[in-house]
Amino acid sequence: MKDFNTTILSNQEISPGFFRMRVLAPGFEEGLLPGQFVMMRIQRNPAPFLRRPFCIFRTGSLPAECDGLAVREYLELLYKVVGQGTAIMATLHGGDRVDILGPLGHGFDVDFGAGEAILVAGGIGVAPLFMLGETLIRQRRVELLLGARCREEVLAVTEFERQGIETYVSTDDGSLGRKGLVTEVLEQRLKEGTPAAVMACGPLPMLKEIHRICNSYGVPLQVSLESLMGCGVGACLGCVIKGAGHSEQSPRQLTVCEDGPVFRDGDIDWSQWP
Amino acid sequence: MKQRKGRDELPGDKRATGTRGGKGPEEKAPDLSVTIGDLELRNPVMPASGTFGYGREYARLIDLERIGAIVTKGLSLRPKAGNPTPRIAETVGGMLNAVGLQNVGVDAFIRDKLPYLEGIATPVIANFFGNTLEEYGEVAARLADLPGVAAVEVNISCPNVKQGGIVFGTDPQAAHAVVSLVRRRIAKTMIVKLTPNITDITVIARAVEEAGADAVSCINTLTGMSIDIHSRRSRLANVTGGLSGPAIMPVALRMVYQVARQVRIPVIGIGGICSAGDALQFLIAGATAVQVGSANFVEPGVMVSIADGLARFCREQGIDYIRELIGSLVVD
């Protein structure tokens, strides 16, 4: 983990309200695990005061160029404009500077028994699954079930497909792929045969439903959670969730930033969310 | 006698450390050390309780042996689950929190967290609180004889829990009672952390000084709130929370100035400090040391940057001992 001030290479709006940002990040890839994230300080002064957490979509490098530019390693974030911080972020350009703290947190466990893996994404929840897919496809068959509200919110499909990941799209309004919820697609898919693992990221109601489905089919599940965060390193305790077996007498609070953001299904007390 | 290790020395280093500014090789680094009770600090910069975990959380990001002290998360007799989420909300120039003093409890701290801290050559200040007078006494007794705990900071001011000490922090008699009790249990340096959520903070400061406090730290967070207009709900599950960050610095500075003029014990300044310049304002206002709070979240290396900035300022100003600055405010 390191804290570094760096340069934005590009920041493109890929769909209304959805952006991809590349920042220069030499050496960042070393030891980086799928599902980890960074805390980005968007602007030094005045607002916003706190950093914002973003999972790492992918890393890569730009080749050296004949005019003297060396190889430039970068990390890429996929984000949605949801509030003040991301709105400011969307106005940044290549050449602007930001502070990055990371990689942070515990990522996906990719070391599990033989069999295929099913990745389930809800909207912008696709972001932490790309590196995961990249890693898993080297060892096993991987499917991505990608759900979104509408076709504008379906992101990065071709990049998954290019990796050899079978991708099934569903949208709430039917504007792309199958009409319906991604959780329905998952349940249908599990009826046909159970994979070695399901890994998911998306809104909480979706994750709760996936938890129910995976439990009923006895499939191991890992989820990447989202949370408001103050520090990103387990100090401020702003992002806690209740762990399995939590009680007021013997608290078992987990920080999304340090204990997560990826959790095994059984680590979490799922009853804490209505 | 010079204590240079020839092995680590590069030719360039001599020039860099020895002859800068043409003052010759004998120029000394300014002395940043300060004293709080029996505590000798290498510099006056330490974290504010609750913003630095139990120290280890930041060990990968900051050299813990370059700050003046490590102040732990507030400890209670039993483990405490804290408040429901959302617990934090960003505001202009700062943030609200209502964590509710979640902590592992004093026994787990001693068993699981303290051994690591004992390996760090920086004094540990254990912050603690109680729900009742008896609990304050009980936690104090457990911390009293631990060699790894250099000092304690008694929290009589958390705004986010009903019995988090605010009762003791807003009434001079109650404050006197709790501090006297802890004083009887603990011989080591005792700092008392005060709340700003009171009409006249100096009344409490004087009461705890009389009860035997070795120092006071001020201020804890200012009570505040923030509302989501669409859901018409508070942005904190606890409804209200404590405001911290640069937004509160002018208020904190004023209170430190007032308290420092009313008590003879050292004052530790807290409130929105983000830079060496901010820390210097507190020292000039009368603080002997400072605590850095929410700035740690934004810039994990900030405390070391502040310590470096203090040294730079002293060099530029020709100040040999930083303690010369304490309470040096010029008022015409």
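The values are calculated or read from the model by the stated rules, or taken from the named source; none is laboratory data. This is a predicted model, so every value here is computed, not measured. No Cβ is skipped: glycine too gets one built from the backbone with ideal geometry, and neighbour counts run over all protein chains shown. Areas reflect the complete protein model, heavy atoms only, side chains present, ligands, DNA and RNA absent. Shrake-Rupley method; radii C 1.70, N 1.55, O 1.52, S 1.80 Å.
Quick rundown of the values:
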{"quantity": "Those residues of segment B:281-317 for which accessible area with every protein chain present is at least 50 Å² below the isolated value (1.4 Å probe)", "calculated": "B:PHE297, B:VAL298"}
{"quantity": "Calculated [θ] (222 nm, deg cm²/dmol) that DSSP helices of n ≥ 4 give over the protein assembly as shown, each run adding -39,500 (n - 2.57)", "calculated": "-6500 deg cm²/dmol"}
{"quantity": "For A:ALA200, distant residues with modelled amide H under 5 Å away", "calculated": "A:VAL120, A:GLN222, A:VAL223, A:SER224"}
{"quantity": "J(HN,Hα) series, segment A:251-262, from Karplus relation 6.51 cos²θ - 1.76 cosθ + 1.60, nearest Hz, glycine and proline x", "calculated": "x, 10, 8, 10, 8, 5, 6, 9, 6, x, x, 9"}
{"quantity": "On Cα atoms only, tilt of B:133-144 relative to the major axis of chain B in degrees", "calculated": "30 degrees"}
{"quantity": "Accessible-area ranking of B:THR223, A:THR167, B:THR199, largest first, probe 1.4 Å", "calculated": "B:THR199, B:THR223, A:THR167"}
{"quantity": "Interchain or long-range residues, amide H under 5 Å from B:VAL34's placed H", "calculated": "B:LEU41, B:ASN43"}
{"quantity": "Residue order for B:VAL104, A:VAL256 - accessible surface, 1.4 angstrom probe, largest first", "calculated": "B:VAL104, A:VAL256"}
{"quantity": "Sites A:ASP67 and B:LEU146, calculated FRET efficiency, Cβ-Cβ separation with R0 56 Å, nearest 0.05", "calculated": "0.35"}
{"quantity": "Longest to shortest principal axis, alpha-carbon extents of segment B:173-332, angstrom", "calculated": "56, 39, 35"}
{"quantity": "Accessible area of segment A:161-274 divided out per residue, in Å², using a probe of 1.4 angstrom", "calculated": "44 Å²"}
{"quantity": "Cα centroid separation, segment B:61-135 to segment A:124-189 (Å)", "calculated": "42 Å"}
{"quantity": "DSSP beta bridges in the protein assembly as shown [antiparallel fraction, %, rounded to 5]", "calculated": "50 percent"}
{"quantity": "Carbon and sulfur %, accessible surface of segment B:213-285 computed with the full protein complex present, 1.4 Å", "calculated": "52 percent"}
{"quantity": "Under Karplus coefficients 6.51, -1.76 and 1.60, residue-wise ³J(HN,Hα) of segment B:77-86 in Hz, glycine/proline x", "calculated": "4, 10, x, 10, 6, x, 8, x, 8, x"}
{"quantity": "Cβ-based charge dipole, the protein assembly as shown, positive-most Cα from A:GLY60, A:LEU190, B:PRO147", "calculated": "B:PRO147"}
{"quantity": "Heavy atoms of B:ASP228 accessible to a 1.4 Å probe, total area in Å² rounded to 10", "calculated": "60 Å²"}
{"quantity": "Accessible surface buried once A binds B (1.4 Å probe; total of both sides; Å²)", "calculated": "2400 Å²"}
{"quantity": "Cα long-axis angle, helix B:302-317 against chain B (0 to 90 degrees, to the nearest 10)", "calculated": "50 degrees"}
{"quantity": "Burial of 20 Å² or greater, segment A:236-254 residues [accessible area, probe 1.4 Å, versus chain by itself]", "calculated": "A:CYS236, A:LEU237, A:GLY238, A:VAL240, A:GLU248, A:PRO251, A:GLN253"}
{"quantity": "Inter-site label distance for A:ARG264 and A:GLN188 at 7 Å from Cα along Cβ, in nm", "calculated": "3.2 nm"}
{"quantity": "Values of log10 I(q)/I(0), in the order q = 0.06, 0.07, 0.08, 0.10 Å⁻¹, for chain B under a Debye, Cα-only, solvent-free model", "calculated": "-0.21, -0.28, -0.37, -0.57"}
{"quantity": "Fraction of accessible area attributable to carbon and sulfur, segment A:1-47 (%, probe 1.4 Å)", "calculated": "47 percent"}
{"quantity": "Segment B:VAL251-B:ASP107, extension gain: residue separation times 0.36 nm, minus the distance between their alpha carbons", "calculated": "48.3 nm"}
{"quantity": "Surface accessible to a 1.4 Å probe, A:LYS179 within the full protein complex, Å²", "calculated": "140 Å²"}
{"quantity": "Rounded to 5, percent antiparallel among DSSP beta bridges of chain B", "calculated": "40 percent"}
{"quantity": "B:SER328/A:ALA90 FRET efficiency (R0 45 Å; Cβ-Cβ; nearest 0.05)", "calculated": "0.45"}
{"quantity": "Karplus (6.51, -1.76, 1.60) ³J(HN,Hα), θ = phi - 60°, over segment A:222-230, in Hz, Gly and Pro reported as x", "calculated": "10, 10, 9, 9, 10, 7, 4, 9, x"}
{"quantity": "Equivalent ellipsoid semi-axes, the protein assembly as shown, via Cα gyration tensor eigenvalues times 5, rooted, Å", "calculated": "46, 30, 21"}
{"quantity": "Area of A:HIS93 that stays accessible when all protein chains are in place (1.4 Å probe, Å², to 10)", "calculated": "120 Å²"}
{"quantity": "Dipole moment magnitude, nearest 20 debye, segment A:235-274 about Cα centre, only Lys, Arg, Asp, Glu C-beta charged", "calculated": "40 debye"}
{"quantity": "Which of B:THR240, A:THR6 is most accessible, then next, and so on - probe 1.4 Å", "calculated": "B:THR240, A:THR6"}
{"quantity": "Efficiency of FRET between B:SER275 and B:ARG233 - r from beta-carbon atoms, R0 51 angstrom, step 0.05", "calculated": "0.90"}
{"quantity": "For segment B:77-92, residues shielded by at least 30 square angstrom of accessible area compared with the chain on its own, probe 1.4 Å", "calculated": "B:PRO79, B:ALA81, B:THR85, B:ARG87, B:ILE88, B:GLU90"}
{"quantity": "Label-to-label distance, nm, for residues given as A:LYS2 and B:GLU134 (7 Å Cα→Cβ offset)", "calculated": "5.5 nm"}
{"quantity": "Nearest-20 debye value, segment A:53-164 charge dipole, Cβ charges on Lys, Arg, Asp, Glu", "calculated": "220 debye"}
